[in-house]
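Have a look at the structure below before the remarks.
Every read-out reported here was derived from the displayed coordinates using simple, explicitly stated rules and does not represent laboratory data. From a predicted model like this one, the values you see are computed outputs, not experimental measurements. FYI the Cβ positions are ideal-geometry reconstructions off the backbone, even for glycines, and counts take in every protein chain you see.
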Amino acid sequence: MSATASFLELHPDYAGTSALDELRVAEYRRLDSSGHVYLDYTGAGLYADSQISEHAELLEKELFGNPHSASPTSMKTTGAVERARASVLDYFNGTGNYTAVFTLNASGALKLIGESYPFSPGGRFLLLADNHNSVNGIREFARAKGSDVDYVPLTVPELRVDHPALIALLDEGDRSRANLFAFPAQSNFSGVKHPLSLIGAAQERGWQVLLDAAAFVPTNRLDLGIVSPDFVVISFYKMFGYPTGVGCLLIRNTAVASLRRPWFAGGTVNFATVQGRLHVLAPGEAGFEDGTLNFLGIPAVEIGLRHLERVGMELIQTRVACLTERLVSGLLPLRHGNGRHLVRVYGPASMTMRGGTVTMNFYDPSGSLLDYRRIDELAGLAGISVRTGCFCNPGAGEAAEGLTEDDMRAGFAEGATISLPRFRQIMQHRGGKSAGAIRVSLGLVSNLADVERYLQFAAGFLDQSALSIGAVKFDIESCRVIRDGS
Ligand SMILES: Cc1ncc(COP(=O)(O)O)c(C=O)c1O
């Protein structure tokens, strides 16, 4: 039986997602005409041709002015921005219960929470160890205001929430203080879907909850009528590729008053004086939107959401689940001639509560780590885009590789010169541990051929050594690629 036939037999639901193959041909032609295999949907989603043409048509047709006035061109812009805002609230089923604040990206939304949350001595900021750095960074605001900062550990090897530890930490919260718990709905490292029931568990214990939905919403529906986190952050380019530069902070209406902005800016005040040194912040979302919004980009959010609605999230989810299963079950059995495994997949090997992000490292027949940077380079040469490094999620990487506090101290002994490349070297010398990995992520128009091409690429490393695959030519520092000599 051919690989495709056995895949279809194992995944009868996949055939029902063929509309996505048609969509790929009609709207994402550039993928197959370039022959490129795109496997970084957690990095950024891809846009459909029609999103661009619809947006271009709108811009060609309308005269959009700066939204902060009453002129016809300004009002036109305000109307388009407010339509987009309503469509976001509608899409997440939050109309009437949530306020949607447009931001630059998910990180911009997180910074708004960091600077506005009423952290105070006796209060707590609790984070899951599986958070993106843009969530981890909020701890600096919490610390500066005297809040305690704690991390909930992950279980190994599945990299899920240590539930008893979470409940114990939540129970320690002083209900008379402001306590915030932050976790990602889906890990951008392991693809683990953390249970949304954690939201209610924390709220019942007097905590407010910040849900990072950035890596979850591209392939899952978030229904704010079912779960009610106090704060939700997203980046729209991760959901449907275009536009970049627009994200959103969704604030539960009951939580808006708990936030206190530390400054004001153009657009956020109803009134400000120089002589009186006073200002009155605008109510609702306006008080959080500093300066002029990306008012030309924001109408493309409504177009993107309509596109997702037309395609259907259930279809995307079904396809991604089938393909992820094929990917993981194709990688795990790969063994060198001497019987040793080629691939180590971090996180769940099963499909239980996991999404389409799969992170791994490759090892040679002696069990030594193959440099993920070289794998990345070779993938590029093979026409495959993956992501390598730590994906701005150090906690999950540390748990996955068993990196200890002592390992961290060895890195920090380098002082301010420490970087991911240098840390990677230090970890190599401390028992061949890896600081970083290879991430493959599937999305809206992924297909079986993409997965098979990657599996074929991976199998090319069977019985290879660090020497035979060649030396790396580029490095990654702070998520920036540094080529040799640059
Ligand atoms: C889970 C998660 N949170 C937050 C972010 C930050 O998103 P952005 O870079 O768009 O601000 C990312 C981006 O990769 C992410 O995956």
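Tabulated data for the structure shown
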| read-out | value |
| --- | --- |
| FRET efficiency estimate (nearest 0.05) - Cβ-Cβ, Asn133 to Glu405, R0 30 angstrom | 0.95 |
| Semi-axis lengths (Å, descending) of the ellipsoid that matches the C-alpha gyration tensor of the chain | 38, 29, 21 |
| Calculated over region 222-359: convex hull of Cα atoms, volume per residue (Å³) | 174 |
| Of all DSSP beta bridges in the chain, antiparallel share, percent nearest 5 | 65 |
| Additional length obtainable on full extension of the chain from Glu140 to Leu381, 0.36 nm per residue less Cα span | 82.7 nm |
| Whole-Hz ³J(HN,Hα) from phi, Karplus 6.51 cos²θ - 1.76 cosθ + 1.60, for region 431-443, glycine and proline x | x, x, 6, 9, 9, x, 7, 10, 10, 10, 9, 9, x |
| Region 191-298 shape via C-alpha gyration tensor axes, a/c threshold 1.5 | oblate |
| Burial ordering of Ser116, Ser18, fewest other beta-carbon atoms within 10 Å first | Ser18, Ser116 |
| ³J(HN,Hα), Karplus 6.51/-1.76/1.60, whole Hz, each residue of region 280-297, x for Gly, Pro | 10, 5, 5, x, x, 4, 4, x, 10, 9, 6, x, 8, 5, 6, 6, 7, x |
| Length released on extending from Glu82 to Thr352, taking residue separation times 0.36 nm less the Cα-Cα span | 93.3 nm |
| Kyte-Doolittle mean at least 0.5, axial Cα span of 24 Å or more - DSSP H helices of the chain | 313-331 |
| Near-label residues of region 254-271 by backbone N, under 12 Å of a point 7 Å along Cα→Cβ of Leu278 | 271 |
| Simple spin-label estimate for Arg30 and Ser53 in nanometres, 7 Å along Cα-Cβ | 1.5 |
| Ranked by how many other beta carbons lie within 10 Å on average, peptides 391-403, 288-300, 261-273 from highest | 391-403, 288-300, 261-273 |
| Estimated inter-spin distance, Ile167 and Ser258, nm [label 7 Å along Cα→Cβ] | 2.2 |
| Cα-projected label distance for Val269 with Asp463, points at 7 Å along beta-carbon direction, nm | 7.3 |
| Too-long pairs where the Cα-Cα distance tops 32 Å, listed order kept, from Lys111/Lys193; Lys145/Lys473; Lys61/Lys111; Lys76/Lys145; Lys145/Lys433 | Lys145/Lys473; Lys61/Lys111; Lys76/Lys145; Lys145/Lys433 |
